[in-house]
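J.: Mind looking over this structure? Questions follow.
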Amino acid sequence: MEAMLAQKRRVRSPVGAGMFYPEDRKETLNYLGSLELEEGQGGHAQAIIAPHGAWSYSGKLVAEAFHSAMGRSENIKRVVILGPIHDKREKGLFLSNSYSFHTPLGNILVDKEMTEQLAFCGKFFEINDIPHLGEHSIEILLPFVKYCFPQASIVPILMGQPKAQYIYDLAQALKAVITPVLDETLIIVSCNLSYDNDQGTARVLAEEVLKLFAERNSPALANAILNGRLNACGGALAAGLFESGLLDKTRTCSVADNMVSAVSSENSTVFYSELSYG
């Protein structure tokens, strides 16, 4: 019985707090409060693409992405959030068996029912917290989720090294499980556009990724990611979302007016932007 209760209350602890974003609750609230994110005030996006860089570089872009969906804040019951795994050894699609994820603003419950439905519908899904424990691509966006949609649960999905079968599997599972509840769901893809040691090359790659994102061109995007021509960190997850058909071409796509760049610890230039799909 104690083991069952411990499993039920398992909380995924953050690894990026204090490094990518504030660890302190008051500091987090002050930062988010400065971004003009007000309940019910904003667009009605069904899905957004937001970066997972340090907030000092990309936080305002993340806020713009979330603002594009805040007109739906009263109706959003869950947030399906897709993120890449930076550890190149990981392969597959990983759901979480945690009860909740911790943020400086409080814990966010995991939607266990939808987690199990996705696992049932996908061949390559695994309910396994191990890949989640050291990965920041989803975590870095969760304080925004808690602040903007405080009553929503989350469905965290990580993808290891991109493969065509993972993209297809993700697309089919999302289509089957999300379609009936799309009106009460927000989908988030955590994605950085490009990185390269040469800033000019990184910019060209980022611009092409944005073009494919705006077109929702899943085949071209998937091919470019899989053959290594584009290196968007999270691009394969966007390809899976587009392939699912949840964002049909009748929905509008809005792209940020500007891109932001930063130099990584490996001296690569990383480009960030955000998009929303209404």
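J.: Considering only region 98-110, I want to know if a residue exists there that is buried (at least 17 other Cβ atoms within 10 Å of the Cβ), free of Cβ contacts under 8 Å to residues at least 60 places away in the same chain and assigned to a helix (DSSP H, G or I).
T.: No, region 98-110 has no match at all.
J.: From the list R78, R25, R12, which residue is farther than 16 Å from I188 by Cα, in contact with a strand residue (DSSP E or B) (Cβ under 8 Å, 6 or more places away or on another chain), basic (K, R) and in contact (Cβ under 8 Å) with a residue 60 or more places away in the chain?
T.: Numbers: R78 fails: farther than 16 Å from I188 by Cα; R25 fails: in contact with a strand residue (DSSP E or B) (Cβ under 8 Å, 6 or more places away or on another chain).
None of the other options fit; the residue is R12.
J.: Of the numbered conditions (1) under 17 Å from L193 (Cβ atoms); (2) surrounded by fewer than 22 Cβ atoms within 10 Å (Cβ to Cβ), V62 satisfies every one except a single condition; which is it?
T.: (2)
J.: Could you say whether any residue in region 19-35 is part of a loop (DSSP other than H, G, I, E, B), open to solvent by 70 Å² or more (accessible area, probe 1.4 Å) and small (G, A, S)? Break it down stepwise before answering.
T.: First, pick out the residues of region 19-35 that are part of a loop (DSSP other than H, G, I, E, B): 19-20, 22-24, 34-35.
If we keep only those that are open to solvent by 70 Å² or more (accessible area, probe 1.4 Å) as well, we get 19, 23-24, 34.
Now drop any that are not small (G, A, S), which leaves 34.
Yes - at least one qualifying residue is present in region 19-35.
J.: Check whether at least one residue in region 131-143 is open to solvent by less than 30 Å² (accessible area, probe 1.4 Å), under 28 Å from S34 (Cα atoms), in a loop (DSSP other than H, G, I, E, B) and not β-branched (V, I, T), and report yes or no.
T.: Initial filter on region 131-143 (open to solvent by less than 30 Å² (accessible area, probe 1.4 Å)): 131-132, 135, 137-143.
Of the ones still in play, those that are also under 28 Å from S34 (Cα atoms) are 135, 137-143.
After this cut, where a residue has to be in a loop (DSSP other than H, G, I, E, B) as well, the list is 135, 137-138.
So of that shortlist, the ones also not β-branched (V, I, T) come out as 135, 137.
Taking every residue of region 131-143 in turn, at least one turns out to be open to solvent by less than 30 Å² (accessible area, probe 1.4 Å), under 28 Å from S34 (Cα atoms), in a loop (DSSP other than H, G, I, E, B) and not β-branched (V, I, T).
J.: Just name the residue that is nearest to H86 (Cα to Cα) out of those in region 157-215 that are small (G, A, S) and under 18 Å from the mean Cα position of the chain (by Cα). So that I can check it myself, show each step before the final result.
T.: Filtering region 157-215 down to residues small (G, A, S) leaves 160, 164, 171, 173, 176, 190, 194, 200, 202, 206, 214.
If we keep only those that are under 18 Å from the mean Cα position of the chain (by Cα) as well, we get 160, 171, 173, 190, 194, 206, 214.
Numbers: G160: 8, A171: 21, A173: 23, S190: 12, S194: 14, A206: 18, A214: 25 Å.
So, considering only residues that are small (G, A, S) and under 18 Å from the mean Cα position of the chain (by Cα), the one nearest to H86 (Cα to Cα) is G160.
J.: Out of the residues in region 226-262 that are of a type in the set (V, I, T) and in contact with a strand residue (DSSP E or B) (Cβ under 6 Å, 6 or more places away or on another chain), state the one that is nearest to R72 (Cα to Cα). Walk me through it before giving the result.
T.: The first filter runs over region 226-262 and keeps only residues of a type in the set (V, I, T), leaving 250, 252, 255, 260.
Checking the rest, the ones that are also in contact with a strand residue (DSSP E or B) (Cβ under 6 Å, 6 or more places away or on another chain) come to 255, 260.
On the way: V255: 19, V260: 27 Å.
The selected residue is V255.
J.: If I188 passes every condition in (1) in a helix (DSSP H, G or I); (2) open to solvent by less than 10 Å² (accessible area, probe 1.4 Å) but one, which one does it miss?
T.: So the condition that I188 fails would be (1).
J.: Just the residues that are in contact with a Lys or Arg (Cβ under 7 Å, 6 or more places away or on another chain) and either surrounded by 16 or more Cβ atoms within 10 Å (Cβ to Cβ) or in a strand (DSSP E or B) (or both), please, taken from region 171-185. Walk me through it before giving the result.
T.: Of region 171-185, the ones in contact with a Lys or Arg (Cβ under 7 Å, 6 or more places away or on another chain) are 184-185.
Within region 171-185, just T185 meets the criteria.
J.: Oh, and also: Take the residues in region 242-263 that are open to solvent by less than 30 Å² (accessible area, probe 1.4 Å) and assigned to a loop (DSSP other than H, G, I, E, B); name whichever of them is farthest from T185 (Cα to Cα). Don't jump to the end; show me each part of the working.
T.: At the first step, the residues of region 242-263 found to be open to solvent by less than 30 Å² (accessible area, probe 1.4 Å) are 242, 244, 246-247, 256, 262.
Filter once more, so that each one left must be assigned to a loop (DSSP other than H, G, I, E, B): 246-247, 256.
Values: L246: 11, L247: 13, A256: 22 Å.
Only one residue fits best here, namely A256.
J.: Given (1) touching a His at 6+ places or on another chain (Cβ under 9 Å); (2) surrounded by fewer than 17 Cβ atoms within 10 Å (Cβ to Cβ); (3) in contact (Cβ under 8 Å) with a residue 60 or more places away in the chain, identify the lone condition not met by E39.
T.: Failing condition for E39: (1).
J.: Scanning for something among the hydroxyl-bearing types (S, T, Y) and within 14 Å of A238 (Cα to Cα), does region 107-119 turn up at least one residue? Write out each step before concluding.
T.: Just the residues of region 107-119 that are among the hydroxyl-bearing types (S, T, Y), to begin with: 115.
Imposing the further condition that a residue be within 14 Å of A238 (Cα to Cα) reduces the set to none.
Within region 107-119 (the criterion being among the hydroxyl-bearing types (S, T, Y) and within 14 Å of A238 (Cα to Cα)), the answer is no, since none of the residues qualifies.
J.: Return the only residue of K60, K123, K88 being in a loop (DSSP other than H, G, I, E, B) and either on the phi > 0 side of the Ramachandran plot or out of contact with any helix residue (DSSP H, G or I) (no Cβ under 6 Å at 6 or more places or on another chain) (or both). Don't jump to the end; show me each part of the working.
T.: On the way: K60 fails: in a loop (DSSP other than H, G, I, E, B); K123 fails: either on the phi > 0 side of the Ramachandran plot or out of contact with any helix residue (DSSP H, G or I) (no Cβ under 6 Å at 6 or more places or on another chain) (or both).
Matching residue, one of K60, K123, K88: K88.
J.: Give all pairs with beta carbons closer than 7 Å in which a residue from region 187-212 that is farther than 11 Å from M259 by Cβ meets a residue that is part of a loop (DSSP other than H, G, I, E, B) and at pLDDT below 95; count only pairs at least 6 apart in sequence or on separate chains.
T.: Between residues of region 187-212 that are farther than 11 Å from M259 by Cβ and residues that are part of a loop (DSSP other than H, G, I, E, B) and at pLDDT below 95, the close pairs are Y195/S264; Y195/S268; D196/S268; N197/N267; N197/S268.
J.: Take G240 and decide whether it is within 21 Å of V80 (Cβ to Cβ) and of a type outside the set (S, T, Y).
T.: So G240 fits the description; yes.
The values are calculated or read from the model by the stated rules, or taken from the named source; none is laboratory data. Computed from a prediction, not measured in an experiment: that's the story for all the values here. Counting neighbours? That spans all protein chains shown, and the Cβs are built from the backbone with ideal geometry, glycine included. Please note that ligands, DNA and RNA were not included when accessible areas were found on the heavy atoms of the full protein model with its side chains. Shrake-Rupley method; radii C 1.70, N 1.55, O 1.52, S 1.80 Å.
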